[in-house]
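Undergrad: Below you'll find the structure I mean.
The values are calculated or read from the model by the stated rules, or taken from the named source; none is laboratory data. Just so it is clear, the structure is predicted and the values come from calculations on it, not from any experiment. All Cβ positions, even for glycine, are placed from backbone atoms using ideal geometry, and neighbour counts span all protein chains on display. Note: areas computed on protein heavy atoms with side chains; ligands, DNA, RNA excluded. Shrake-Rupley method; radii C 1.70, N 1.55, O 1.52, S 1.80 Å.
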Amino acid sequence: MALVVCRRFTGSFCGTFPCPPLMKPRQTRTCDFALTAKKISTDSRMSAALKLLEPLKYKAPCNPAYRAAQSVAHWHMGNITPHGGQTLPECNSSCHLARKVKNVGGTTLPRRTFTASSAHLGLEFNKASTLNASTLHPDSSSAGGGEEDVEVFDSFEGTRVFLKLRPEYQLHSYNRSDTHQPIAASEVELILHKVTFYQNKLQPEVITNYFYKLSSLPAEQNSVLLSSNSFALLCQLSVKNIQLFNTSDLISILKAFVDLRIPPSLSMLDVYETRFCHQVWEMTLDQLLLVADLWRNLGRRVPRFFKIFFSYLNLHWRELSLSQLIHLIYIIGENRQVPQDLMQRLESLILKYVDSVNLEEVGTICLGFFKSSSSLSEFVMRKIGDLACANMQHLSSHTLVHILKMFRFTHVDHIHFMKQFGEIAPQRIPSLGVQGVMHLTLACSALRILDERVMNAVAASLPPRVAHCRSKDVAKILWSFGTLNYKPPNTEEFYSSLINEIHRKMPEFNQYPEHLLTCLIGLAFSEYFPVEFINVALSPGFVKLAQERSKFELTKELFTLDGTVAIECPDYKGNRLNSHLQQETSANLWNLASKDMRSKPEFLETLYLLETMLGGPQYIKHHMILPHTRSSDLEVQLDANMKPMPFNSEATPTEDGAQLRFKQVGVSLTDDLMNQLLKGKAKRYFQGQIELETGQPPMELRKKTTVPLVNSGCNGTDRLGDGMVGLCPLAHMQPPLVKLAIQFTNKNQYCYGSRALLGLHNMKRRQLVQIGYRVVELPHWEWLPLLKRTRLEKLAYLHEKVFTSAL
């Protein structure tokens with residue numbers, strides 16, 4: 001018995017609609033909405049909009065054999081404001097389908113015309129949207145073996161491997177790779193026809209069922225379905241009835257959206273986000289995690305939903321199971337933003353479950369905290385490092401990268417982990433994509449760990465595949481090698497390949513100016529100065545670009561590059577920073593460096609001891625000799641006799657020094673008077689100090705120095721008028737024979753566990769020598785332990801450092 005459906009269409013006559021032909025079981029067809037002219041996914045004119053319509057008006061021919069399956073149309077939307085506030089250009093409200101459609105059996109479907117009107121909530125399915133959806137929902141899994149696949153990494157599926165390792169994850173996650181029984185073409189036709197025919201008579205549960213069935217459509221057919229007016233009408237009906245759906249219905253529809261690869265920019269999804277916001281407090285933890293995971297699958301950010309979700313979690317976080325905790329941390333990482341108090345609570349749960357997690361889950365924890373810029377305590381990081389060390393050989397390369405990211409972020413130095421990492425990394429690096437290689441290299445530089453095995457493996461593997469590098473990868477790798485001050489055996493090949501890649505990546509630097517500056521400073525650390533790129537980076541246009549477009553403050557980087565070029569490239573005639581920007585940045589850097597150093601008691605004691613040894617603050621100056629290197633120096637100048645010169649006109653006497661001033665009151669300073677003033681312990685101290693500096697007793701020294709002081713260009717009035725004995729006006733001083741730049745160092749200026757300076761500090765010392773200074777090191781491994789010793793021991797050490805270095 002055939003089903004007869006009659007309907008009158010405006011402006012045309014239609015006969016009866018016979019029932020679709022029955023399908024034999026072994027001849028089940030899948031819906032194939034293929035276009036003969038071109039595939040829709042590659043059609044440059046594919047701007048068909050999925051609209052949530054007011055009642056649809058259309059004209060259709062009467063051929064009953066094809067009905068709703070032939071409702072594939074390209075049509076434009078009106079002036080609509082989608083989610084995000086952008087107004088799309090106004091288009092013609094109708095567009096005619098000018099292509100033939102084939103059915104599975106090869107019969108050519110005739111053209112038909114649809115006229116869409118009264119756009120209510122519209123969203124475009126254009127080429128960009130399709131490509132974006134393809135990127136967000138890649139079909140392939142993470143890259144497998146084979147040299148050609150090394151650079152292919154599915155950043156979506158590759159970070160979800162942990163979801164396959166416990167059955168509990170199936171309760172609150174969605175796996176798009178699960179196979180569905182393909183829907184038959186006849187059933188698709190029937191569903192679309194019923195949507196068009198019944199429209200407002202459809203019940204919520206029927207709408208939900210239709211979405212569920214249509215989600216079984218093969219992925220390659222999705223774009224045609226999304227272009228269908230009937231499907232647009234189904235979406236409109238779901239929005240219209242959204243208040244009638246229960247939680248299960250809403251989740252089922254959201255799953256269908258994921259399977260159908262609905263573009264994440266559709267404003268219809270904003271309505272669903274609002275509805276889920278209202279449902280949060282009525283949902284279970286499993287349901288909430290599932291919904292969050294579905295939004296992640298769609299690639300759409302839903303900040304309102306997460307705000308309420310996180311509020312819910314603040315009350316229910318103790319109820320999270322192990323699988324729920326790990327999945328939540330993954331979702332938080334993909335969301336990027338989270339209240340830090342919630343992350344602290346989750347950290348306590350990590351400690352609770354830390355002995356039960358597997359290696360992939362460890363990587364997920366690290367990646368989630370890293371992406372959300374949330375720190376983990378040193379204790380937790382060491383526990384994570386211990387877990388990784390116990391099974392390092394079974395650790396996947398990407399999990400290894402994730403753990404290293406978190407060690408870099410927290411600056412925790414787990415030496416046992418890094419040693420094992422140094423053993424397995426050289427074998428892993430050739431099979432790891434360049435982005436992973438970049439993260440490994442950057443972690444080593446951030447942790448100041450120089451492992452030549454790792455760096456040599458990176459340098460050897462990179463030149464043949466440097467074309468796969470992003471501008472960010474090139475920048476971070478150059479920075480890492482420069483920071484660690486390491487040149488691999490294939491230095492020339494390594495650096496030439498990266499410098500050539502900079503040239504090819506120049507268009508990217510307009511979008512990411514910070515990457516070009518990172519490249520050039522990293523190269524400068526290693527004594528490479530490509531003037532062509534430097535001229536671009538210091539040009540007024542690029543400086544303006546760096547200051548306005550970048551999300552980073554790049555003035556200091558520009559200043560460092562400019563100051564380096566001034567010293568190390570004397571023949572450079574290209575662009576330079578303007579003097580105003582130089583002076584402003586120099587002043588800001590000095591303020592920061594001065595406050596930092598004067599907040600350190602060990603530095604203040606060192607400065608006071610040097611002043612005491614040399615004769616007062618006028619003999620030493622704390623300032624930045626090279627402001628662009630961002631650290632301060634203690635400068636001392638010695639004359640031809642290797643005696644300190646009072647060159648610091650800005651010095652102000654200390655309180656102790658003020659007590660030793662001599663006023664001109666008519667009293668001669670004889671030896672007897674000096675002996676009376678300096679008797680007891682004080683006398684022995686000053687005698688010992690003078691002997692320490694000169695190697696001669698005080699009496700002999702005074703006899704020798706009496707004549708030069710009297711015959712010098714300074715008279716007694718000049719000297720005493722300044723309030724400092726023996727300080728001559730700077731105009732009468734001879735140029736210094738030796739200028740010393742005393743470096744007060746700390747462990748962060750050296751590679752971990754070694755005495756090799758990092759790139760910036762090595763470059764600073766190189767430049768100090770170039771401008772005529774002798775560098776005097778007060779290495780932390782010598783000086784800091786000495787601060788606990790006696791005063792005389794400290795003075796003796798400083799005396800040897802200062803005067804021996806000058807010889």
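Undergrad: Looking for something out of contact with any His (no Cβ under 7 Å at 6 or more places or on another chain), part of a loop (DSSP other than H, G, I, E, B), open to solvent by less than 30 Å² (accessible area, probe 1.4 Å) and at pLDDT below 90 - is there at least one such residue anywhere in region 649-668?
TA: Keep residues of region 649-668 that are out of contact with any His (no Cβ under 7 Å at 6 or more places or on another chain), which gives 649-668.
After this cut, where a residue has to be part of a loop (DSSP other than H, G, I, E, B) as well, the list is 649-654, 660-668.
Filter again for open to solvent by less than 30 Å² (accessible area, probe 1.4 Å), leaving 651.
Cutting the leftovers down to at pLDDT below 90 gives us 651.
The answer is yes, given that some residue of region 649-668 is out of contact with any His (no Cβ under 7 Å at 6 or more places or on another chain), part of a loop (DSSP other than H, G, I, E, B), open to solvent by less than 30 Å² (accessible area, probe 1.4 Å) and at pLDDT below 90.
Undergrad: Here's a follow-up. State all residues of region 188-200 that are within 25 Å of Asn246 (Cβ to Cβ) and modelled with pLDDT under 80; if no residue qualifies, say none.
TA: Gln199, Asn200
Undergrad: So, in region 448-504, of the ones that are surrounded by 21 or more Cβ atoms within 10 Å (Cβ to Cβ) and of a type in the set (Val, Ile, Thr), which residue ends up nearest to Ala524 (Cα to Cα)?
TA: Residue satisfying both the conditions and the ranking: Thr483.
Undergrad: Provide a single number: the residues in region 505-562 that are open to solvent by 60 Å² or more (accessible area, probe 1.4 Å) and either under 24 Å from Leu758 (Cα atoms) or assigned to a loop (DSSP other than H, G, I, E, B) (or both). Give the derivation first.
TA: The initial filter retains those residues of region 505-562 that are open to solvent by 60 Å² or more (accessible area, probe 1.4 Å), namely 507-508, 510-512, 527, 531-532, 540, 544, 547-549, 551-553, 556.
Now narrow it down to the ones that are either under 24 Å from Leu758 (Cα atoms) or assigned to a loop (DSSP other than H, G, I, E, B) (or both): 510-512, 527, 531, 549, 551-553, 556.
Residues in region 505-562 being open to solvent by 60 Å² or more (accessible area, probe 1.4 Å) and either under 24 Å from Leu758 (Cα atoms) or assigned to a loop (DSSP other than H, G, I, E, B) (or both): 10 in total.
Undergrad: Here is a further query. Kindly check whether there is at least one residue in region 343-354 that is within 22 Å of the chain's Cα centre (by Cα), farther than 24 Å from Leu462 by Cα and outside any helix (DSSP H, G or I).
TA: Within region 343-354, none of the residues are within 22 Å of the chain's Cα centre (by Cα), farther than 24 Å from Leu462 by Cα and outside any helix (DSSP H, G or I).
Listed here are the residues, each with its yes/no results for (1) in a helix (DSSP H, G or I); (2) surrounded by 22 or more Cβ atoms within 10 Å (Cβ to Cβ); (3) within 15 Å of the chain's Cα centre (by Cα).
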position: His402; (1), (2), (3): yes, yes, yes
position: Lys405; (1), (2), (3): yes, no, yes
position: Phe417; (1), (2), (3): yes, yes, no
position: Gln427; (1), (2), (3): yes, no, no
position: Pro430; (1), (2), (3): yes, no, no
position: Gln435; (1), (2), (3): yes, no, yes
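Undergrad: Quick test of your reading of the structure: Thr606 fulfils all but one of (1) in contact (Cβ under 8 Å) with a residue 40 or more places away in the chain; (2) open to solvent by 70 Å² or more (accessible area, probe 1.4 Å); (3) within 20 Å of Leu634 (Cα to Cα). Name the failing condition by number.
TA: With respect to (1) in contact (Cβ under 8 Å) with a residue 40 or more places away in the chain; (2) open to solvent by 70 Å² or more (accessible area, probe 1.4 Å); (3) within 20 Å of Leu634 (Cα to Cα), Thr606 is out only on (2).
Undergrad: Further question on the same structure: Under 6 Å between Cβ atoms, which residue pairs at least 6 apart in sequence (or on different chains) link something in region 490-503 that is of a type in the set (Asp, Glu) with a partner that is assigned to a helix (DSSP H, G or I)?
TA: From region 490-503, the pairs are Glu493/Pro463; Glu501/Val466; Glu501/Val474.
Undergrad: Could you identify the single residue in Phe379, Phe421, Phe370 that is over 27 Å from Asp286 (Cβ atoms) and open to solvent by 20 Å² or more (accessible area, probe 1.4 Å)?
TA: Values: Phe421 fails: open to solvent by 20 Å² or more (accessible area, probe 1.4 Å); Phe370 fails: over 27 Å from Asp286 (Cβ atoms).
Of Phe379, Phe421, Phe370, the one residue that is over 27 Å from Asp286 (Cβ atoms) and open to solvent by 20 Å² or more (accessible area, probe 1.4 Å) is Phe379.
Undergrad: List the pairs whose first member sits in region 438-462 and is more than 15 Å from Met406 (Cβ to Cβ) and in a helix (DSSP H, G or I), whose second member is open to solvent by less than 30 Å² (accessible area, probe 1.4 Å) and acidic (Asp, Glu), and whose Cβ atoms are under 8 Å apart, counting only residues at least 6 apart or on separate chains?
TA: Once the first residue is more than 15 Å from Met406 (Cβ to Cβ) and in a helix (DSSP H, G or I) and sits in region 438-462, its partners that are open to solvent by less than 30 Å² (accessible area, probe 1.4 Å) and acidic (Asp, Glu) give Met438/Asp473.
Undergrad: Please go through region 220-249 and give me each residue that is β-branched (Val, Ile, Thr) and at pLDDT below 85, ordered by number. Walk me through it before giving the result.
TA: Of all residues in region 220-249, those β-branched (Val, Ile, Thr) come to 224, 239, 242, 247.
Answer for region 220-249, where residues must be β-branched (Val, Ile, Thr) and at pLDDT below 85: just Val224.
Undergrad: Show me the helices (runs of 4 or more DSSP H) found entirely inside region 236-337 where at least 3 residues are open to solvent by 10 Å² or more (accessible area, probe 1.4 Å) and more than 27 Å from Thr208 (Cα to Cα).
TA: Details: elements: 247-259, 268-279, 285-298, 303-316, 322-335.
So the answer is 303-316, 322-335.
Undergrad: Still on this structure, I have one more. From the list Leu395, Leu359, pick out the single residue that is open to solvent by less than 10 Å² (accessible area, probe 1.4 Å) and of a type in the set (A, V, I, L, M). Steps first, answer last, please.
TA: Numbers: Leu359 fails: open to solvent by less than 10 Å² (accessible area, probe 1.4 Å).
Of Leu395, Leu359, the one residue that is open to solvent by less than 10 Å² (accessible area, probe 1.4 Å) and of a type in the set (A, V, I, L, M) is Leu395.
Undergrad: Kindly check whether there is at least one residue in region 295-313 that is farther than 23 Å from Gly385 by Cα, without any contact (Cβ under 8 Å) to a residue 24 or more places away in the chain and over 29 Å from the mean Cα position of the chain (by Cα).
TA: There is no residue in region 295-313 that is farther than 23 Å from Gly385 by Cα, without any contact (Cβ under 8 Å) to a residue 24 or more places away in the chain and over 29 Å from the mean Cα position of the chain (by Cα).
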